[in-house]
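The values are calculated or read from the model by the stated rules, or taken from the named source; none is laboratory data. Computed from a predicted structure; not experimentally measured. Quick reminder, even Gly has a Cβ in these numbers, built from the backbone with ideal geometry, and neighbours come from all protein chains shown. Areas reflect the complete protein model, heavy atoms only, side chains present, ligands, DNA and RNA absent. Shrake-Rupley method; radii C 1.70, N 1.55, O 1.52, S 1.80 Å.
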Amino acid sequence: MTEPSLNLHANAVVLAEKGCLILGAAGSGKSSLSLALMGLGAELIADDRCKVERHVDRLLVSAPETLPPAIEARGVGLLKAHLAPRAELAVIIQLDEIEIDRLPKPHMKELLGINLPCLHNPDTAHFPFAIRHYLLHGFANI
């Protein structure tokens, strides 16, 4: 039986073997956020197009086979990038959803029948650092 999959207009990076899927409309900053995370040690999986596959109770993200090993840097051009292989998704970033709460309640997003933590865009300079820290350490259980 074939596992279900999705092709998405999205970016993906991996840090500490945890995949991060970045969703948003064209021009919302997916590549810019990916570049910031790469500057903080993440590896690019895919820029602009991602394939998400369900494998039993987890989701794996990868680049489509035709995707070039590059990332768009707005105002600079296409930059060469090593593409990491697929990774298990740990979090989804939704750039089109603006987070206004200082300490928001956890958000979830369902893909292919699996719910994953979803971070909304606080539109602050610390967001890439917070995502990096989340991928490395998760939320505090206080």
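Packing, as the average of other Cβ atoms within 10 Å across residues, places the peptides 70-82, 116-128 in the order 116-128, 70-82, highest first.
How long are the semi-axes of the equivalent ellipsoid of the stretch 71-142, taking √(5λ) for every eigenvalue λ of the Cα gyration tensor, in whole Å from largest down? Please list the in-between numbers first.
Details: eigenvalues 115, 61, 36 Å².
For the stretch 71-142, the ellipsoid semi-axes come out as 24, 18, 13 Å.
Looking only at the chain, where both bridge partners belong to it, what percent of the DSSP beta bridges are antiparallel (to the nearest 5)? Walk me through the intermediate numbers first.
Working: 29 of 38 bridges.
That works out to approximately 75 percent antiparallel.
Once the 1.4 Å probe is applied to the protein heavy atoms, the chain comes out at 59 Å² accessible per residue. Computed extension length for Ala16-His107: 30.6 nm, one decimal, from 0.36 nm per residue of separation with the Cα-Cα distance subtracted.
Placing pseudo-labels 7 Å out from each Cα toward the beta carbon at Arg74 and Leu136 gives an inter-label distance of 2.7 nm.
With the cut-off at 19 Å, report for the stretch 31-92 the share of all Cα pairs above it, as a whole percent.
When every Cα pair of the stretch 31-92 is considered, 30 percent fall beyond 19 Å.
Of the labelled options [x] 35, 31, 31; [y] 44, 43, 26; [z] 67, 36, 24, which one gives Cα extents along the principal axes in Å as computed for this structure? Comparing each candidate, only [y] matches the computed number.
With a sphere of radius 15 Å drawn around the Cβ of Leu83, what net charge do the other residues whose Cβ falls strictly inside it have (Lys, Arg +1; Asp, Glu -1)? Could the numbers behind the result be given before it?
Working: positive: Arg49, Lys51, Lys80, Arg86; negative: Glu43, Asp47, Asp48, Glu65, Glu72.
Around Leu83, the surrounding residues sum to -1.
Roll a 1.4 angstrom probe over the protein heavy atoms and tell me the percent of accessible area of the stretch 1-64 that is carbon or sulfur. If you can, show how the numbers build up before the last one.
Working: 1440 of 2840 Å².
Accessible surface attributable to carbon and sulfur in the stretch 1-64 totals 51 percent.
With contacts defined as alpha carbon pairs under 8 Å and 6 or more residues apart, what's the relative contact order of the stretch 90-140 in percent? Don't jump to the answer; show the numbers that get you there.
Values: 52 pairs, mean separation 20.0, N = 51.
39 percent.
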